[in-house]
1. So which trypsin sites (Lys or Arg not before Pro) in the stretch 1-96 are both in a DSSP loop and have at most 13 other Cβ atoms within 10 Å of their Cβ?
2. With a/c under 1.5 counting as rounded, go ahead and sort the stretch 25-85 into rounded, prolate or oblate using the C-alpha gyration tensor (a ≥ b ≥ c being the square roots of the eigenvalues; past the cut-off, prolate if a/b is larger than b/c, else oblate).
3. Kirkwood hydrodynamic radius, computed over distinct alpha-carbon pairs, for the chain: how many Å, to one decimal?
4. Relative contact order for the chain using alpha-carbon pairs under 8 Å, separation at least 6, rounded to a whole percent?
5. Ignoring ligands and nucleic acids, what accessible area does D217 show with a 1.4 Å probe (Å², nearest 10)?
6. First check a/c for the stretch 179-301, with a ≥ b ≥ c the square roots of the eigenvalues of its C-alpha gyration tensor; if it is under 1.5, answer rounded, and if not, answer prolate when a/b is larger than b/c or oblate otherwise.
7. Given a cut-off of 22 Å, name the pairs among K182/K311; K12/K317; K76/K228; K76/K118 whose C-alpha atoms lie farther apart than that in the structure shown.
8. Going from most exposed to least, what order do H152, H72 have by accessible area with a 1.4 Å probe?
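The values are calculated or read from the model by the stated rules, or taken from the named source; none is laboratory data. The model shown is predicted, which means the values in this text are computed figures rather than measured ones. Please note: Cβ atoms are built from the backbone with ideal geometry, for glycine as well, and neighbour counts cover all protein chains shown. To get the accessible areas, we keep the full protein, side chains included, count just its heavy atoms, and leave off ligands, DNA and RNA. Shrake-Rupley method; radii C 1.70, N 1.55, O 1.52, S 1.80 Å.
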Amino acid sequence: MIRHDWTLEEIKAIYNTPLLELVYRAASIHREYQDTAEVQVCTLLSIKTGGCPEDCAYCPQAARYNTDINVHGLLKKEDVMSYAQKAKEAGSTRFCMGAAWREVRDNRDFDRVLDMVKGVNELGMEVCCTLGMLNEEQAKKLADAGLFAYNHNLDTSRDHYEEIITTRTYDDRLQTLENVRKAGVSVCCGGIIGLGESHEDRIAMLWTLSSLPSHPDSVPINALTRVKGTPLEHLPKVEFWDMVRMIATTRILMPKAMVRLSAGRAEMSMSDQALCFMAGANSIFTGEKLLTTGNPSFEEDHMMFELLGLKPREAFKEQEASCC
């Protein structure tokens, strides 16, 4: 049964279930709603890096922090298409493009992104973008260009949010999600753990996500990547078991969502990742970079899929199922 009326107390009880029992419960629900052998394989490319005016405390792309990223303007379409083609040949079925913007502006750069979306869509891949805030009209333009999904994470709970970001509000983020839904684009929305938040903050973030009018089609669970030069560089590494607990709880609350094992995967062993898949994760980013930070390579992931008996999920599968 898909619910949108979970209470904080119910989610807290799930989250605090003894870990092995929690994983078993999540695995059972995963098997009920999903093909557990399928994993959505996505590739993420930073099409415009650095120079962002926001102050997200975890982000190396914020202009106000001194980090070692390679700042560059919007890539040429032919370079993006070449990267997308290589990702497809390596087995990716979703291609995500990220630009370090606070918000989408109606200018030539946005027109160029729309052209990129059209091009990748013509390759037969699901196209996802993360471009910051956008309004209804911009969301509609992206949809008309062939955009399949839009990523816009909540990052953390409403109460903890201002400790991490002050240059846009929590309601700004929720409004962008609403604009995306109205345009008929699939919503990709999750968060980051390890930002100095409490367990109660993690529970509250999951409550917000599971209480949306429609659950996000994809929920990325990220562990903080501690980047030198950002305000959060000295925070401790996220415990692996906390990632498992978040993935399992997310799977139970939102059974039909793709639960994405995102930032932090590069520091996990293959057996760690196997437990995450058992707990309900069924989507990954593959390729050597995750925007600006390291990520397992295509070759490593092919080896893992073969060992664990996993297979890439076909593109547009959910869309095709809903048409039948």
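1. R3, R64, K76
2. Verdict is oblate for the stretch 25-85.
3. Numbers: mean 1/r = 0.0507 Å⁻¹.
Kirkwood hydrodynamic radius for the chain: 19.7 Å.
4. 25
5. Taking all protein chains as shown, D217 has close to 80 Å².
6. Note, shape of the stretch 179-301 comes out rounded.
7. From K182/K311; K12/K317; K76/K228; K76/K118, over 22 Å: K182/K311; K12/K317; K76/K228.
8. Largest accessible area first, the list is H72, H152.
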